[in-house]
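Notes follow once the structure below has been shown.
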Amino acid sequence: MTDSRAGEVGGVDKAALRRRVEEHRADLLALGRRIHAHPETAFAEHRAAAWCADVLREHGYSVTAPAHGLDTAFVATIGSGPVTVALACEYDALPGLGHACGHNLIAAAGVGAAIALGPDADRLGLTVRVVGTPAEERGAGKALLLEAGAFDGVDFAMMVHPCPFEVAEFHSFALGTLSVEYTGTAAHPSLNPQDGRSAADALTVAQVALGLLGRQLPAHWKVHGITTGAGSSPNAVPDRATAEYEIRTSDAADLAELRTRVEACFRAGALAIGCDVALTRPEPDYLDFRTDPTLIALWRANARELGRPEPIERDAFACTDMGNVSHVVPSIHPVLDISGGSCGPHEPEFVAAAISPEADRALLDGAVAMAWTAADYALLRRAETTGTDEGAT
């Protein structure tokens, strides 16, 4: 395909950014496949983090690993420009499903964008910071990194995510998690049931209350969970029951209200049966994603230049801890079609989709489009600072 952006833009040939990705095509695809073949779950992504960091070191990046108190996080930097871009690399897998969310592609695309930008960072006026972000699926790694300072001084942040459709302006739910533990009193169910207080029954009461509560919630408020323990034998009154629940709302402002109503249902179960209940938050809340309009306009133009499918508009359908970053730093999180709608994230079929030819194209396109978008944004910031008009050609 002829690249109409072959001329120099702000002192940097954008075609050169694309060439660098193409020159390292085999290495980037191999990185994505290596991570895919060795899935590691939240906070255990030692190999994936090391592989990404090693490639970045080979391309001149200064790497700190581990970083910010997380064993499987890293930060890699190059350049000393006044504008700092953060490229987020996710690489955690799903328990029992492997890379059914395609995070192997996210990591390799971020590394690819970094390889493209590195040699021209100073000429662009950029400092490029690659942040290896563990535990997106469970644990809210980016929220922890944000609090620890990994995104301090960042002017804009970006990542891409594989999906069964193409979306530029990504919308996500806010997500809260809840661990539930009931403590009752053990007894024999026929000898002395009057002495027992069934923790399993307390959980059942709560689940009935949640079912009724759901009829009174707005359509975009979601409550779902699983029972993780409710006794070990039918001939004993269970003295312990546990559950894990998630709550979702369209924005972070509503999350506190929904949490209050959900927790009331669990307390009602304890009150009805005479048990104790402990309610804890196992991880930080995931906030709704807020797309930066300037960045996404640049992304749309660059994705179109690469021949990506025309993006569709979609309401929120998932959650991401990149939402937490977007509340503090201008951010984008485009999603790239790798399955044509035949399967989606967290489905077993998506594991194969994440190493398909369509996935390869999304990885490389994502790397190039992020590099181009970073270059465009740096140019805009330079123009704002100098008061000149350096429009891209």
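The values are calculated or read from the model by the stated rules, or taken from the named source; none is laboratory data. Predicted model, so just to flag it, every value in this text is computed and none were measured. All Cβ positions, glycine included, derive from the backbone under ideal geometry; neighbour counts span all protein chains shown. Remember, those area values only see protein heavy atoms, side chains included, never the ligands or the DNA or RNA. Shrake-Rupley method; radii C 1.70, N 1.55, O 1.52, S 1.80 Å.
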### Message
Below 11 angstrom from the Cβ of residue 338, what's the summed charge of the other residues (Lys, Arg +1; Asp, Glu -1)?
### Response
-4
### Task
Please work out how much length the chain gains when fully extended from residue 15 to residue 47, using 0.36 nm per residue of separation minus the C-alpha to C-alpha distance, in nm with one decimal.
8.3 nm
### Message
How large a share of the accessible area of the chain, in percent, is made up of carbon and sulfur atoms when the probe is 1.4 Å and the other protein chains stay in place?
### Response
52
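Counting pairs of Cα atoms in the range 1-136, how many percent are more than 17 Å apart?
Everything past 17 Å amounts to 58 percent.
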#### Entry: Net charge of neighbours whose Cβ lies under 14 Å from the Cβ of residue 249, counting Lys and Arg as +1 and Asp and Glu as -1
-3
### Message
Helix-only mean residue ellipticity at 222 nm, the chain, DSSP H runs n ≥ 4 weighted -39,500 (n - 2.57), per residue, nearest 500. What is it?
### Response
-12500 deg cm²/dmol
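Note the full-extension length gain between residue 233 and residue 58 as 0.36 nm times their separation in residues minus their Cα-Cα distance, in nm to one decimal.
Contour length minus the Cα-Cα distance gives 57.3 nm.
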### Query
What accessible area per residue comes out for the range 97-191, rounded to a whole number of Å², with a 1.4 Å probe?
24
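Please figure out what share of the DSSP beta bridges in the chain is antiparallel and state it in percent, rounded to the nearest 5. All intermediate terms of the calculation are to be shown ahead of the outcome.
On the way: 37 of 54 bridges.
Among the beta bridges of the chain, antiparallel pairing accounts for roughly 70 percent.
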### Query
When only Cα pairs under 8 Å and 6 or more residues apart are kept, what is the percent relative contact order across the range 111-267?
23
### Message
Along the Cα→Cβ direction, 7 angstrom out, place labels at residue 256 and residue 219. What is the inter-label distance in nm?
### Response
2.8
### Distance (nanometres) between label positions extended 7 Å along Cα→Cβ at residue 306 and residue 123
2.1
### Task
Could you work out the relative contact order of the range 1-121, using alpha carbon pairs under 8 angstrom and six or more residues apart, expressed as a whole percent?
30
### Message
How are the alpha carbon pair distances in the chain distributed across 20 Å bins from zero to the largest one, expressed in percent?
### Response
27, 50, 19, 4, 0
## Note on the structure
Averaging 1/r across every pair of distinct alpha carbons in the range 114-194 and inverting yields a Kirkwood hydrodynamic radius, in angstrom, of 18.0
### Query
Using a simple spin-label model with points 7 Å from Cα along the Cα→Cβ vector, what separation in nm is obtained for residue 34 and residue 278?
4.2
### Message
Can you tell me, using C-alpha contacts under 8 Å and at least 6 residues apart, the relative contact order of the chain as a whole percent?
### Response
23
### Message
Please report the projected area of the range 90-138's Cα convex hull averaged over all directions, in nm².
### Response
3.5
### Task
Specify, per residue and in Å³, the volume enclosed by the convex hull of the alpha carbon atoms belonging to the range 242-376.
147
## Note on the structure
Here the net charge surrounding residue 175, from other residues whose Cβ is less than 12 Å away from its Cβ (Lys, Arg +1; Asp, Glu -1), is -4
